[in-house]
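The values are calculated or read from the model by the stated rules, or taken from the named source; none is laboratory data. Quick caveat: nothing in here was measured; it's all calculated off a predicted structure. Here the Cβ positions follow ideal geometry from the backbone for every residue, glycine too, while neighbour counts run over all protein chains shown. With ligands, DNA and RNA removed, areas are computed over all heavy atoms of the protein, side chains included. Shrake-Rupley method; radii C 1.70, N 1.55, O 1.52, S 1.80 Å.
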Amino acid sequence: MTSHGWGWRREDPAQGLVGVPSAESERGAAVPCTTLAMKDPTAVERANLLNMAKLSIKGLIESALSFGRTLDSDYPPLQQFFVVMEHCLKHGLKVKKSFLSYNKTIWGPLELVEKLYPEAEEIGASVRDLPGLKTPLGRARAWLRLALMQKKMADYLRCLIIQRDLLSEFYEYHALMMEEEGAVIVGLLVGLNVIDANLCVKGEDLDSQVGVIDFSMYLKNEDDIGNKERNVQIAAILDQKNYVEELNRQLNSTVSSLHSRVDSLEKSNTKLIEELAIAKNNIIKLQEENHQLRSENKLILMKTQQHLEVTKVDVETELQTYKCSRQGLDEMYSDARRQLRDESQLRQDVENELAVQVSMKHEIELAVKLLEKDVHEKQDTLISLRQQLEEVRAINIEMYQKLQGSEDGLKEKNEIISRLEEKTNKITTAMKQLEQSSSLSFTQS
């Protein structure tokens, strides 16, 4: 028989019994060797590892809760828990033949968790970046410690045991991780989420550690209670010392990083202040240019509006004058044609009166009616002409008042006034002639 780290094993081909204490061994009960020998050796190994995992997890939780503070790497129950987990993960692991030697490590299946659980990529990258880890076993031990600190060991391993087709590349069919015992252990690991652990993985030599299970921790003796309490107190003092030293180291690194960050922030702040001053100067210049352009734009707009108003008034006055003069001339022309037609008709009527004496009386009556109608029309014409004359006079007065302020157009507007006065004189003479002709025609009738 040879002595292994987690119990005694017989070197027979059937892989006899494994002497790991079960859950009843804590209460002093012994497992009969004949019963174990009758069972399948791999099943016995799985049962013993399961019982050992139960005792380890239960003892770790009870001692951590009674301990009442954060656990570190030197805590014995925690060390034993990692040893037990390492043996559970190694059970039934396939041996990979390399060129130089045989390779049997648990880092392969643990590295597979990254593909199954995306949140595990961070822990895998952290393990690979740790300095001083040279062997896959050391990386696996670091992975277990980081997973416990994250309180996600149960979640990671649950994703792993579900994918049995992938695990079959690393484990035999009778391995603990391939059977129901692996699921039970994963369920027990959920209880470790109540534990707070602060493990310094970077400075610990995980490659050369020898994983040996200490059964004395689970086989309690009343005589060792006093020594255990003293050891616990000494361990608590050492833990406090290590915690204070680690906290001091972290604070020093934090202070140095904060100093460097403050220096970089001050440099960036000075650069930003300079850029802000330059930007403010540019903004002030642009505001002044904008104000100047707006004032110039307002002046140009005012001048343009004034010029447009003056031009519009001039055009309207000229157009009104042209319309009035054109209307007056049209009315005079129509009156003259009407008068010529009336006079020719009157002459023809008089000649007809001289030629035809029989119808003279009737024609005279008709002529009187026509003359009365013509008189009324001429009176209306005279009234409209007088109104136009008054409008022309008012326009002349306005033009005269406007012409007083302009020296350049004085001659032209004087000529226009003289022309308008001649037109008014002609209109008055025409009116007089019309009145005379109307009175003569009336007397003749």
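Only residues that are outside any helix (DSSP H, G or I) and either closer than 18 Å to Ile185 by Cβ or open to solvent by 40 Å² or more (accessible area, probe 1.4 Å) (or both): list them for the range 52-77, please.
Result: Gly68, Arg69, Thr70, Asp74.
What residue, among those in the range 290-325 that are polar (S, T, N, Q) and within 20 Å of Ile397 (Cβ to Cβ), is surrounded by the fewest Cβ atoms within 10 Å (Cβ to Cβ)?
Ranking the qualifying residues of the range 290-325, first place goes to Gln320.
Could you please tell me which pairs satisfy a Cβ distance under 8 Å, a separation of 6+ or placement on different chains, a first residue in the range 104-118 that is farther than 13 Å from Leu157 by Cβ, and a second residue that is among the polar types (S, T, N, Q) and outside any helix (DSSP H, G or I)?
From the range 104-118, the pairs are Thr105/Thr135.
When you scan the range 141-198 for helices (runs of 4 or more DSSP H) that lie fully inside it, which ones turn up with 3 or more residues that are touching a residue at least 60 places away in the same chain (Cβ under 8 Å), more than 26 Å from Glu62 (Cβ to Cβ) and of a type in the set (Ser, Thr, Tyr)?
none
Would you say Val356 is farther than 16 Å from Leu434 by Cβ and among the β-branched types (Val, Ile, Thr)?
The answer is yes for Val356.
Please name all residue pairs, on different chains or six or more residues apart, with Cβ atoms under 7 Å, provided the first residue is in the range 415-440 and is among the acidic types (Asp, Glu) and the second residue is surrounded by 10 or more Cβ atoms within 10 Å (Cβ to Cβ).
Short answer, once both residue conditions are applied: none.
Return the residues of the range 295-334 that are touching a residue at least 40 places away in the same chain (Cβ under 8 Å) and not small (Gly, Ala, Ser); say none if nothing qualifies. Break it down stepwise before answering.
Quick first cut of the range 295-334, residues touching a residue at least 40 places away in the same chain (Cβ under 8 Å) only: 317, 320-321, 324-325, 327-328, 331-332.
Thr317, Gln320, Thr321, Cys324, Gln327, Glu331, Met332, listed by residue number.
Report yes if Ala142 is more than 21 Å from Met52 (Cα to Cα), surrounded by 22 or more Cβ atoms within 10 Å (Cβ to Cβ) and under 38 Å from the mean Cα position of the chain (by Cα), otherwise no.
Considered against the rule, which asks whether it is more than 21 Å from Met52 (Cα to Cα), surrounded by 22 or more Cβ atoms within 10 Å (Cβ to Cβ) and under 38 Å from the mean Cα position of the chain (by Cα), Ala142 comes out as no.
Can you tell me how many residues within the range 362-391 are modelled with pLDDT under 85, within 17 Å of Ser441 (Cα to Cα) and open to solvent by 80 Å² or more (accessible area, probe 1.4 Å)?
1
With the requirement that a residue be in a helix (DSSP H, G or I) and small (Gly, Ala, Ser), what does the range 332-386 give you?
Ser334, Ala336, Ser344, Ala355, Ala367, Ser384 - these are the residues of the range 332-386 that are in a helix (DSSP H, G or I) and small (Gly, Ala, Ser).
Which pairs turn up if I take residues in the range 78-96 that are among the charged types (D, E, K, R) and look for partners that are surrounded by 20 or more Cβ atoms within 10 Å (Cβ to Cβ) and assigned to a strand (DSSP E or B) with beta carbon separation below 9 Å, at least 6 apart in sequence or on another chain?
Once the first residue is among the charged types (D, E, K, R) and sits in the range 78-96, its partners that are surrounded by 20 or more Cβ atoms within 10 Å (Cβ to Cβ) and assigned to a strand (DSSP E or B) give Lys94/Tyr171.
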